[in-house]
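Step one of this worksheet: look at the structure below.
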Amino acid sequence: FYWEISDYGWSPDGNWICYTQVQYNRNSQVFLYSLAHAKKYAVTDDFFDNLNPAFDADGRYLYYLSSRNFDLKMDFYEDNHVVAAPYQVMAVQLRDGEAPPFVEAEAPAKKDEKPAPFRVDLEGLAKRTYPLPVPSGNYFYLKAGKGKVAWCAVDAFSEDEYEEIFAPRGATKWDLHVFDMASKKESVLGEKVRD
């Protein structure tokens with residue numbers, strides 16, 4: 001159980017791999033592996049369970065899902081606690097010295113004519129982690145593109161979803177969410193998807 005790495009992705013320049021690895025407390029931790037240095041670096045600790053790390057195509061952020069919402073409900077019959085919507089979507093700012101992504105800038109940002117080369121500033125990486133301004137939910141299969149991040153969701157987590165954490169099994173039941181980093185708005189596709 002502890003050795004498996006089922007969750008990984010490449011950086012836009014092909015020199016880094018992001019992945020999760022299950023720790024002894026059964027929570028998955030996000031790591032970056034540098035091919036240039038042949039070394040791994042922790043992005044998160046193992047306090048929360050984390051899934052689906054993905055670099056965006058612009059090379060500015062690393063996204064992942066993190067089960068850090070502890071808004072509990074009471075199960076009346078079992079007299080137990082239920083976390084109905086555990087996952088939040090997180091964004092890690094890879095380059096130091098930039099304005100946080102969800103803070104209103106005092107002056108409009110200048111558009112760069114030429115994109116900055118891909119770089120990961122490891123110092124303070126965990127401190128540059130921000131939740132996306134979207135509600136928590138039952139989220140799976142996060143993917144990132146150019147300036148956008150997408151994930152699937154279901155209304156309620158069941159035994160079926162537990163078996164489908166890394167690969168959907170073909171049922172058309174997922175809501176597809178897309179978040180645009182420029183407009184800071186989330187959209188949900190009107191019809192269900194299966195993959």
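The values are calculated or read from the model by the stated rules, or taken from the named source; none is laboratory data. Note that this is a predicted model, so its numbers are computed, not measured. With ideal geometry, Cβ positions are generated from the backbone for all residues, glycine too; neighbour counts draw on all protein chains shown. Note: accessible area is taken over every heavy atom of the protein model, side chains too, but ligands, DNA and RNA are not part of it. Shrake-Rupley method; radii C 1.70, N 1.55, O 1.52, S 1.80 Å.
Could you give me the ³J(HN,Hα) list for segment 44-52, computed from phi with Karplus coefficients 6.51, -1.76, 1.60 and θ = phi - 60°, whole Hz, x at Gly and Pro?
Ordered by residue, 3J(HN,Hα) equals 10, 9, 9, 5, 10, 7, 10, 9, 6 Hz.
Which of the lysines could a cross-linker span from Lys184 if the Cα-Cα distance has to be under 25 Å and same-chain partners fewer than 8 positions apart are dropped?
Within the straight-line limit of under 25 Å, Lys184 reaches these lysines: Lys110, Lys111, Lys114, Lys127, Lys143, Lys146, Lys148, Lys192.
Mean residue ellipticity at 222 nm from the helices of the chain, using -39,500 (n - 2.57) per DSSP H segment of n ≥ 4 over the full residue count, to the nearest 500 deg cm²/dmol?
-500 deg cm²/dmol
For segment 17-32, what does the Karplus curve 6.51 cos²θ - 1.76 cosθ + 1.60, with θ = phi - 60°, yield as ³J(HN,Hα) per residue in whole Hz, taken in order and with x for Gly and Pro?
Coupling constants for segment 17-32: 10, 9, 7, 10, 9, 5, 9, 5, 8, 6, 9, 8, 10, 8, 10, 10 Hz.
Can you work out ³J(HN,Hα) from phi for every residue in segment 82-92, in order, using Karplus 6.51 cos²θ - 1.76 cosθ + 1.60 and θ = phi - 60°, giving whole Hz and x for Gly and Pro?
So the J values, rounded to whole Hz, are 10, 9, 7, 9, x, 8, 10, 8, 10, 10, 9.
At 1.4 Å probe size, with the rest of the protein present, what percent of the exposed accessible area of segment 55-157 is carbon and sulfur atoms?
Looking at segment 55-157 in its full context, I get 53 percent from C and S.
Would you pull out the residues with amide H under 5 Å of Ala84's amide H, same chain only if 5 or more places away, H placed 1.01 Å from N?
Lys73
Top mean-square fluctuation among Tyr130, Tyr139, Tyr77, Gaussian network model of the chain, C-alpha springs under 10 Å?
Largest GNM mean-square fluctuation: Tyr77.
If I histogram all Cα-Cα distances within the chain using bins 10 Å wide from 0, what percent of pairs lands in each bin?
All Cα pairs, binned at 10 Å, distribute as 8, 34, 36, 18, 4, 0, 0 percent.
So what's the net charge close to Val193: Lys and Arg +1, Asp and Glu -1, counting the other residues with Cβ under 9 Å from its Cβ?
Once all neighbours under 9 Å are counted, the net charge is 0.
Please identify the GluC sites (Glu not before Pro) of segment 126-195 that satisfy two criteria: DSSP loop assignment and at most 15 other Cβ atoms within 10 Å. Which are they?
Those that pass, being in a loop and sparsely packed, are Glu191.
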